[in-house]
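The values are calculated or read from the model by the stated rules, or taken from the named source; none is laboratory data. Quick caveat: nothing in here was measured; it's all calculated off a predicted structure. When we count neighbours, we look across all protein chains shown, and the Cβ atoms used for this are built from the backbone with ideal geometry, even at glycine. Heavy atoms of the whole protein, side chains included, go into the accessibility calculation; ligands, DNA and RNA do not. Shrake-Rupley method; radii C 1.70, N 1.55, O 1.52, S 1.80 Å.
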Amino acid sequence: MRCQVKHLLLDEIFYSECSCCKRRINYQKYLCTQCLWSLRNLFVKNYCYNCGFPTGINSNYCRYCLEKKNFQYAYFNFFYKGAVKIIIRQIKFNNSIKAIYLLKYISRKMLKIDLIRKYDIITTIPTHWMRKFKRFAHPADIIAKELSKRKAIPFKKVLKRLRLTKYQWTLERSERLKNVKGSFSLGFKVNGLNILLIDDIYTSGATLNEACLVLKRAGANAVDCYILAKSVL
Ligand SMILES: [Zn+2]
Ligand SMILES: [Zn+2]
């Protein structure tokens with residue numbers, strides 16, 4: 001009872017609002033129940049049998065299969081909109097501790113974990129140390145650690161950023177390719193390995209393709225990607 005009163009009082013003083021719809025909620029929460037449930041509507045449900053790319057409702061293959069891609073298969077978990085977009089942005093640009101905890105919760109409950117092959121290592125698209133310095137947590141690392149634990153695949157830091165690149169979403173498509181070209185190096189031997197490479201958002205795929213190219217050139221056997229959220233253009 002006393003505990004309940006304390007919570008009510010805290011609620012009154014530090015009440016919080018849902019980061020998505022602004023409804024008033026418990027001070028410990030980040031999203032209201034409705035918005036938390038709405039995450040399920042953002043799942044990628046239809047995808048290409050060949051490469052994993054999201055497709056329309058009635059097609060089994062995508063039109064991107066013909067494009068040059070350096071990864072073989074990609075898992076897409078959510079579409080980058082609504083509550084998913086808010087959570088990722090809050091982690092990356094506002095260092096929101098509540099959003100970090102919520103993403104950890106989502107990782108435990110809502111990640112696709114049926115993988116098409118066995119992987120030797122899990123790794124992430126790295127952030128440049130300058131950006132890392134300013135951030136408490138990186139969404140891709142949260143996902144990678146959870147998958148690594150659940151699937152018993154070792155998590156290794158493989159790629160390194162050679163330079164601080166501009167944010168991809170600030171650039172045109174042709175500039176994006178130029179921006180990331182030659183921006184990664186390797187800090188780990190990947191010869192003959194099956195690698196699962198994790199990133200938080202997929203926009204043009206330029207960063208991911210460049211990272212996969214570096215891994216393939218170094219002799220990786222298979223490079224697949226795992227994307228938390230696919231942007232919708
Ligand atoms: Zn809400
Ligand atoms: Zn495809």
What whole-number value in Å² describes the accessible area per residue of the chain for a 1.4 Å probe? 57 Å²
Identify the GluC sites (Glu not before Pro) of the range 112-210 meeting these criteria: DSSP loop state and at most 16 other C-beta atoms within 10 Å of the C-beta. 172
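Can you tell me the dipole magnitude for the chain around its Cα centre, using point charges on the Cβ only (Lys, Arg +1; Asp, Glu -1), in Debye to the nearest 20?
Numbers: 44 positive and 14 negative charges, 79 e Å.
Using Cβ point charges on Lys, Arg, Asp and Glu, the chain gives about 380 debye.
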Can you compute the modelled spin-label distance between residue 41 and residue 115, with each label point 7 Å from Cα toward Cβ, in nm? 3.2 nm
Taking the Cβ-Cβ separation of residue 16 and residue 178 as r and a Förster radius of 45 Å, what is the calculated FRET efficiency to the nearest 0.05? 0.60
Once neighbouring chains are kept in place and the probe is 1.4 Å, which whole percent of the accessible area of the chain is contributed by carbon and sulfur? 54 percent
With R₀ set to 45 angstrom, the calculated FRET efficiency between the beta-carbons of residue 160 and residue 28, to the nearest 0.05, is 0.75
Value of [θ]222 nm, deg cm²/dmol, for the chain, DSSP H segments ≥ 4, -39500 (n - 2.57) each, nearest 500: -11000 deg cm²/dmol
Of 100, 59, 194, whose Cα points farthest to the positive end of the dipole of the chain (charges on the beta-carbon: +1 Lys, Arg; -1 Asp, Glu; origin at the Cα centre)? 100
Rounded to the nearest 5, what % of the DSSP beta bridges within the range 43-231 are antiparallel ones? 20 percent
Checking the range 174-233 for chymotrypsin sites (Phe, Trp or Tyr not before Pro) in a loop per DSSP with at most 16 other beta-carbon atoms within 10 Å yields 188
Once every Cα of the range 43-231 carries one equal point scatterer and solvent is ignored, give the base-10 log of I(q)/I(0) from the Debye formula at q = 0.12, 0.14, 0.17 Å⁻¹, two decimals. -0.55, -0.78, -1.22
Helix 206-217 versus the longest principal axis of the chain: what is the Cα-based angle in degrees, 0 to 90, to the nearest 10? 50 degrees
